[in-house]
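The values are calculated or read from the model by the stated rules, or taken from the named source; none is laboratory data. The structure displayed is predicted, hence computed values, not measured ones. Backbone-built Cβ (ideal geometry, glycine too); neighbour counts: all protein chains shown. Surface areas here come from the heavy atoms of the whole protein model, side chains and all, with no ligands, DNA or RNA. Shrake-Rupley method; radii C 1.70, N 1.55, O 1.52, S 1.80 Å.
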Amino acid sequence: MKIAQTVLKNLPADLDNLSSLVAIEPQLILVFGYTEHFADPALNASLAAYFPNAQRVGCTTAGEISPTGVVNHSTVVTALHFEAVSFKVATAALESMEKSFDAGADLAKKLLTPELKAVLVLGQGVNINGSGLIAGMASALGDAMPVTGGLAGDDGAFVKTYTLSNAGVSSSSVVAVGFEGEKLIFSHGSFGGWKAFGPTRKVTRCVGNILYELDGAPALDVYKKYLGEYAKDLPGSGLLFPFEMLSDARESLGQIRTILGVNEDDGSLILAGVINPDGYLRLMHAHTNDLVDGAETAAKASIAAGQQCAGQALGLLVSCVGRKLVMGGRVDEEVEAVQEILGENTVLCGFYSNGEICPGYQLEACSLHNQTMTITYLAETM
């Protein structure tokens, strides 16, 4: 596999930098970037002009990841040329959050073949139920199919995000790449690094990803009580204090849920994924060192198979915008930790997201994560 990469800081001035990627004759172009860049027709037009024979796939971000670390308000374009791996790209419309399952099922059916080995999926980051999307995909692909990816970001605004495919830029579609080939290496790892605090609270009323009551009280009231002075900055401050999901036996389910929005009228919280209606929730927080350790754990898990690759390898990192806010100026440290473990032969790309998609830590089935570093390791065997 051959990989080339460039970073576009300013549009349209930097679009000529795309010419540096043409030499490897790319078949797949991954594009992760700033919402204003995606909203500019010049970006999609230039990608189509420089790479007319390639599939172009991407989404907007809350920060872009490259081998040099984390950049903001830029677009990172990564070109891939495979020697033995083949792939197919599909898109599906997502008209409303309630249609997330249907969109996922539609997307998966378009990719499904007997030769399908793994799927990379990118979805819009608002007006979506990420858990529903994954459940829809699993209904067609089965739980054992490796599925990784993430939900687009918009710098933590949770207002409007975009995905990209050869059909163009869209704020209401999901896109996926299905990989095939006996020489494909597609492994993954995920880990958080957050720690729970405070008492567990019983979920007493929820519908899908809308949390109405905890311990019989309005969920928003309970949440504001714990946030204290941070409550005035909701929903943004909710990224700093996600929920850990627990079973009805108060055992961790290995999943974290971030607050995407609040409803002052009915006292509810809108979470990034479905809630266990019979379970419990507990608040979480983290320190930078814990999050960097979590990124290292995810990186080690992603290369646990130990297969040797031919040519370069790609490390696709999808990390939560909440982690970025906690780490602040030290956010590069989690990317540096991953690069050290994956090695110099691995080119990094990726983004800070509104939700991460990956099988859970030591779990086989794919699920939606929040506040997690997820890593997809993509390469070809020798």
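Condition check: among the charged types (D, E, K, R), open to solvent by 40 Å² or more (accessible area, probe 1.4 Å) and in a helix (DSSP H, G or I). Does Glu340 satisfy that? So Glu340 fits the description; yes. If you filter the stretch 155-182 down to residues that are of a type in the set (Gly, Ala, Ser), touching a residue at least 40 places away in the same chain (Cβ under 8 Å) and not in a strand (DSSP E or B), you find that the one that is surrounded by the most Cβ atoms within 10 Å (Cβ to Cβ) is Ser171.
The condition of being within 19 Å of Ala118 (Cα to Cα) and among the hydrophobic types (A, V, I, L, M, F, W, C) holds for Leu368.
Residue by residue, here is whether (1) touching a residue at least 12 places away in the same chain (Cβ under 8 Å); (2) aliphatic (A, V, I, L, M); (3) open to solvent by less than 10 Å² (accessible area, probe 1.4 Å); (4) out of contact with any strand residue (DSSP E or B) (no Cβ under 6 Å at 6 or more places or on another chain) holds:
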| position | (1), (2), (3), (4) |
| --- | --- |
| Asn263 | yes, no, no, yes |
| Leu271 | yes, yes, yes, no |
| Val274 | yes, yes, no, yes |
| His287 | yes, no, no, yes |
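Report every pair of residues separated by at least 6 positions or lying on different chains whose Cβ atoms are under 8 Å apart, first residue within the stretch 15-37 and within 22 Å of Val70 (Cβ to Cβ), second assigned to a loop (DSSP other than H, G, I, E, B) and open to solvent by 60 Å² or more (accessible area, probe 1.4 Å). Qualifying pairs under 8 Å: Tyr34/Asn72; Tyr34/His73; Thr35/Asp155; Thr35/Lys160; Glu36/His73. Pairing each residue of the stretch 229-243 that is closer than 14 Å to Leu271 by Cα with any residue that is part of a helix (DSSP H, G or I) and open to solvent by 50 Å² or more (accessible area, probe 1.4 Å), provided the two are 6+ apart or on different chains, yields C-beta distances under 8 Å for Leu234/Lys224; Ser237/Tyr230; Leu239/Leu325; Leu240/Tyr230; Leu240/Leu325; Phe241/Tyr226; Phe241/Tyr230.
Counted as qualifying within the stretch 1-106 are the strands (runs of 3 or more DSSP E) with 1 or more residues that are open to solvent by 20 Å² or more (accessible area, probe 1.4 Å) and in contact with a helix residue (DSSP H, G or I) (Cβ under 7 Å, 6 or more places away or on another chain), namely 2-8, 69-71, 75-81, 86-93.
The residues of the stretch 25-46 that are closer than 17 Å to Leu378 by Cα and more than 16 Å from the chain's Cα centre (by Cα), listed by number, are Pro26, Gln27, Leu28, Ile29. Ser247 - would you say it is within 14 Å of Leu271 (Cα to Cα) and among the hydroxyl-bearing types (Ser, Thr, Tyr)? No: the conditions fail for Ser247. Scanning the stretch 225-252 for residues that are more than 22 Å from Cys320 (Cβ to Cβ) and not polar (S, T, N, Q) yields Lys225, Gly228, Glu229, Lys232, Asp248, Ala249, Arg250, Glu251. Of the residues making up the stretch 107-122, those that are part of a helix (DSSP H, G or I) and open to solvent by less than 40 Å² (accessible area, probe 1.4 Å) number 3. Taking each residue of the stretch 314-337 that is closer than 24 Å to Ile3 by Cβ and looking for partners that are aromatic (Phe, Trp, Tyr) and open to solvent by less than 40 Å² (accessible area, probe 1.4 Å) with beta-carbon atoms closer than 7 Å, six or more apart or interchain, yields Gly315/Tyr377; Val318/Phe351; Ser319/Tyr352. The set of residues from the stretch 248-261 being among the polar types (S, T, N, Q) and surrounded by 15 or more Cβ atoms within 10 Å (Cβ to Cβ) comprises Gln255, Thr258.
With respect to Ala298, is the statement that it is surrounded by 23 or more Cβ atoms within 10 Å (Cβ to Cβ), of a type outside the set (Lys, Arg) and either in a loop (DSSP other than H, G, I, E, B) or touching a helix residue (DSSP H, G or I) at 6+ places or on another chain (Cβ under 9 Å) (or both) true? Yes; evaluated as a whole, the condition is true for this residue. Selection of the stretch 230-269 for residues being hydrophobic (A, V, I, L, M, F, W, C) and modelled with pLDDT under 85 yields Leu239, Leu253, Leu260.
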